[in-house]
Amino acid sequence: MKITRVILLLFVFSFIQACSSTNKTVSYEWNQSKDPLEGLNRSIYSFNTTADRLVLRPIAKGYDAVLPKPAKTGVSNFFSNLGEPISAVNNLLQGKVDRALGNTYRFVVNSTIGVLGLFDVAKHQGVNKTPEDLGQTLAVWGVKPGPYLMLPFLGPTNLRDGIGRSVSSAVYYPINEISDNGGTRLGLTALDLVDSRAKLLGIDSALEKQLDPYIFIKTTVENGRTDSINDGKVIEEEFDF
């Protein structure tokens, strides 16, 4: 067993007693990032937009047009299944033991009966996805988002979620667990990226209609993250008239 996995397990059991299941929700305002680096972020956004228009979007369109829907579903299921261990750990860190058990069950069943995760057998058994990541866990623990960041190629995030992603990837990067071959890892990473981009093709037309696409993306991403942190719970915002 890798030493990082041992450290991760110790980390989990050290915090599990301190983490209890909570109905706490965070507000959209609380999870909104300040943007002190807006000038730099907008420059990176322009770079990402150009790279997407010239390279990634055409490839994603070809992928979406050529592959039949069952094949695309299988690819998405495969990569989603690789993230179940991460979700299990983060659900556990948040005190959501039942959800962590669900993640574990999904990973075992879909990796075996579901042929390496290509088929979501667990979903048909009533065990649905409950994805969690370290950024969400830190938010549940009360860590605010910090400044908004637009990363080259990786897109929008914030300091909290960016650190969470980096730490999580250093401990367990799913694709690296499949093969030690660099070419295989690169190919799977590229396939995951193209598949993820293909899922967003439907919002391209809406984005092009925005007066300020940068602000639209920031707001959409932050609101989506708030909903994810709250596990889809409805937030009753208080307004001061």
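The values are calculated or read from the model by the stated rules, or taken from the named source; none is laboratory data. Treat the numbers as computed from the prediction; the structure is a model and nothing was measured. For neighbour counting, all protein chains shown are included, and Cβ atoms are generated from backbone atoms with ideal geometry for every residue, glycine included.
Only one of these conditions is not met by T157: (1) at pLDDT 95 or above; (2) within 16 Å of the chain's Cα centre (by Cα); (3) part of a helix (DSSP H, G or I). Which number is it?
(3)
Run Q136 past the list (1) touching an Asp or Glu at 6+ places or on another chain (Cβ under 6 Å); (2) crowded, with 21+ Cβ neighbours inside 10 Å and report the number of the one that doesn't hold.
(1) is the only condition that Q136 fails.
Looking only at segment 174-232, filter to residues that are among the acidic types (D, E) and assigned to a helix (DSSP H, G or I); which one of those is nearest to V140 (Cα to Cα)?
If we filter segment 174-232 for residues that are among the acidic types (D, E), which is where we start, we get 177, 180, 192, 195, 204, 208, 212, 222, 227, 231.
Within this subset, residues satisfying the condition of being assigned to a helix (DSSP H, G or I) are 177, 192, 195, 204, 208, 222, 227.
Details: E177: 28, D192: 28, D195: 29, D204: 32, E208: 34, E222: 15, D227: 12 Å.
So the residue we want is D227.
Quickly run through segment 162-212 and pick out the residues that are of a type in the set (S, T, Y) and under 15 Å from the mean Cα position of the chain (by Cα).
If we filter segment 162-212 for residues that are of a type in the set (S, T, Y), which is where we start, we get 166, 168-169, 172-173, 179, 184, 189, 196, 205.
Selection gives S166, S168, S169, Y172, Y173, T189, S196.
Across segment 1-54, what is the number of residues that are at pLDDT 90 or above, assigned to a helix (DSSP H, G or I) and under 21 Å from the mean Cα position of the chain (by Cα)?
6
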